[in-house]
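Below: the structure, in structure tokens.
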Amino acid sequence: MRKTTRYHIEGPNPLWQMYQTIRFLRVFKNTAIVLIGRYFPSVKAKRWLYRTFLGMNIGEYSALALMVTPDVMFPERITIGRNTVIGFNSTILCHEYLVDEYRIGDVIIGDGVLIGANVTILPGVTIGDGAVIGAGAIVHRDVLPGERVIGSKLQSLTHI
């Protein structure tokens, strides 16, 4: 079970009402920073940019590849450990808007984690130290330290 806080909303869907929960200018600033970072070729400078302007906690030597998209609404809820690699075009979400509620949760990625290309990480999950997430996976549950998983159902592998 993901660790998220749920907020029930009356009236139009929560996405329609999102600026009642977060300031427009904050989302605008975060979006601009993320767009710059997605195309920025230097992983060292990108780490500085995200730590400085988005409040993300990113460990030493961790690298977010080209086109990685951290959450634009709550990026400060993302923690990435030391010496971790997040592959091309992956997305890290700390929020989700549904029809009658929205949910917010921290994403914690451990040390020495390898996340393949095009992975989507949903709010409220923890990925343990040394885990490997195969390309295209949808991370919808916690991943244990050292666990290797693939696919949308996060099938565990004994080896890759």
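Listed values, structure above:
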read-out: In region 52-74, the residues that are part of a loop (DSSP other than H, G, I, E, B), of a type outside the set (F, W, Y), closer than 14 Å to T84 by Cα and open to solvent by 20 Å² or more (accessible area, probe 1.4 Å); value: E60, A65
read-out: Boolean, Y19 is part of a helix (DSSP H, G or I), more than 30 Å from G112 (Cβ to Cβ), open to solvent by 40 Å² or more (accessible area, probe 1.4 Å) and not basic (K, R); value: yes
read-out: Output for region 142-160, where each listed residue is in contact with a Lys or Arg (Cβ under 7 Å, 6 or more places away or on another chain) and under 20 Å from T4 (Cβ atoms); value: L154
read-out: Test: residue in region 89-101 that is farther than 28 Å from F40 by Cβ, open to solvent by 60 Å² or more (accessible area, probe 1.4 Å) and among the β-branched types (V, I, T); value: yes
read-out: Odd one out for V125, checked against (1) among the aliphatic types (A, V, I, L, M); (2) over 30 Å from E10 (Cα atoms); (3) touching a Lys or Arg at 6+ places or on another chain (Cβ under 6 Å); value: (2)
read-out: Residue count for region 111-124, restricted to those that are assigned to a loop (DSSP other than H, G, I, E, B), out of contact with any Cys (no Cβ under 9 Å at 6 or more places or on another chain) and open to solvent by less than 10 Å² (accessible area, probe 1.4 Å); value: 2
read-out: Tabulated pairs, region 66-88, first over 12 Å from G55 (Cα atoms), second in a loop (DSSP other than H, G, I, E, B) and modelled with pLDDT under 95, C-beta under 8 angstrom, 6+ apart or interchain; value: L66/P41
read-out: Residue match in region 140-149 (condition: modelled with pLDDT under 95 and touching a helix residue (DSSP H, G or I) at 6+ places or on another chain (Cβ under 8 Å)); value: no
read-out: Qualifying residue in region 144-151 (condition: over 29 Å from Q17 (Cα atoms) and touching a residue at least 24 places away in the same chain (Cβ under 8 Å)); value: yes
read-out: Given (1) free of Cβ contacts under 8 Å to residues at least 24 places away in the same chain; (2) under 13 Å from the mean Cα position of the chain (by Cα); (3) open to solvent by 60 Å² or more (accessible area, probe 1.4 Å), index of the condition H140 fails; value: (1)
read-out: Residue match in region 101-113 (condition: among the hydrophobic types (A, V, I, L, M, F, W, C) and at pLDDT below 95); value: no
read-out: Scan of region 143-160 for residues that are open to solvent by 70 Å² or more (accessible area, probe 1.4 Å) and among the aliphatic types (A, V, I, L, M), ordered by number; value: L144, I160
read-out: Residue in region 31-38 that is open to solvent by 20 Å² or more (accessible area, probe 1.4 Å), assigned to a helix (DSSP H, G or I) and within 21 Å of N83 (Cα to Cα) present; value: yes
read-out: Residue that is under 14 Å from the mean Cα position of the chain (by Cα) and among the aliphatic types (A, V, I, L, M), where the choices are I58, I9; value: I58
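The values are calculated or read from the model by the stated rules, or taken from the named source; none is laboratory data. Keep in mind that this is a model prediction, so the values were computed, not measured. Because the Cβ atoms are built from the backbone with ideal geometry, glycine has one as well, and the counts that use them run over all protein chains shown. Keep in mind that these areas ignore ligands, DNA and RNA; they rest on the heavy atoms of the full protein, side chains included. Shrake-Rupley method; radii C 1.70, N 1.55, O 1.52, S 1.80 Å.
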